[in-house]
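Here is the structure we will look at.
The values are calculated or read from the model by the stated rules, or taken from the named source; none is laboratory data. The model shown is predicted, which means the values in this text are computed figures rather than measured ones. Just so you know, the surface numbers come from the protein's heavy atoms only, side chains and all, with ligands and any DNA or RNA stripped out. Shrake-Rupley method; radii C 1.70, N 1.55, O 1.52, S 1.80 Å.
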Amino acid sequence: MPDITRTMTIFIKEDTPLPANLPIESEVFLPGWRVVKNLDRSTLARNIEGANWSFFYLAGEIRATVLGRDRSGTLRRAVKCVLAKQEGQNLNSLEITKVVSKRFLGIPFMSVTAHSRHIQQRIGLALTMHLGMRMPVAAPNKEMATKRYTALIPSS
């Protein structure tokens with residue numbers, strides 16, 4: 001198992017398009033996700049941007065805390081929880097920014113903090129899925145909506 005307890009570890013979703021001449025060594029960490037082994041975050045970002053691609057960093061931490069003694073198994077569960085929280089965003093990368101192992105009342109636990117990342121060829125962030133910006137098709141109760149808004153419209 002790769003050492004992801006160091007910060008700035010990058011996970012890339014499998015089948016993510018990457019620049020042609022980018023030498024990335026990775027291995028499967030969880031189904032559908034690979035951990036980058038040979039490059040740290042800053043080197044990877046420089047290489048991606050050097051190929052005229054974009055490596056986006058999205059603000060807002062994603063955190064997960066899991067109980068457990070087995071360090072590798074606990075770490076996998078924590079990263080799996082973080083990825084589950086990122087699921088709806090349809091992003092293709094994740095950066096682990098903090099890993100903390102502690103005990104509370106003798107019970108071991110691990111906290112993982114991460115940030116979403118995205119690799120793409122275009123300069124503007126273009127996600128393939130709208131992030132919760134859906135309009136309702138119709139009001140749930142037409143009569144109630146009509147009463148509520150007719151009071152706001154001045155009569156002529």
Accessible area in the full protein assembly, largest first, 1.4 Å probe, for V35, V99: V99, V35
What is the distance in Å between the Cα centroid of the stretch 76-121 and that of the stretch 29-63? 14
How do D40, D15 rank by accessible surface area computed with a 1.4 Å probe, from largest to smallest? D15, D40
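Based on the inverse mean of 1/r over its pairs of different Cα atoms, what is the Kirkwood hydrodynamic radius of the stretch 16-105, in Å? Walk me through the intermediate numbers first.
Working: mean 1/r = 0.0669 Å⁻¹.
It is 14.9 Å.
For the stretch 1-102, report the accessible area per residue in Å² (1.4 Å probe, heavy atoms, rounded to an integer). Each step should come with its number before you reach the end.
On the way: 5600 Å² over 102 residues.
Ligands and nucleic acids excluded, the figure is 55 Å² per residue.
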For K13, what accessible surface area do you get with a 1.4 Å probe? Give it in Å², rounded to 10. 70
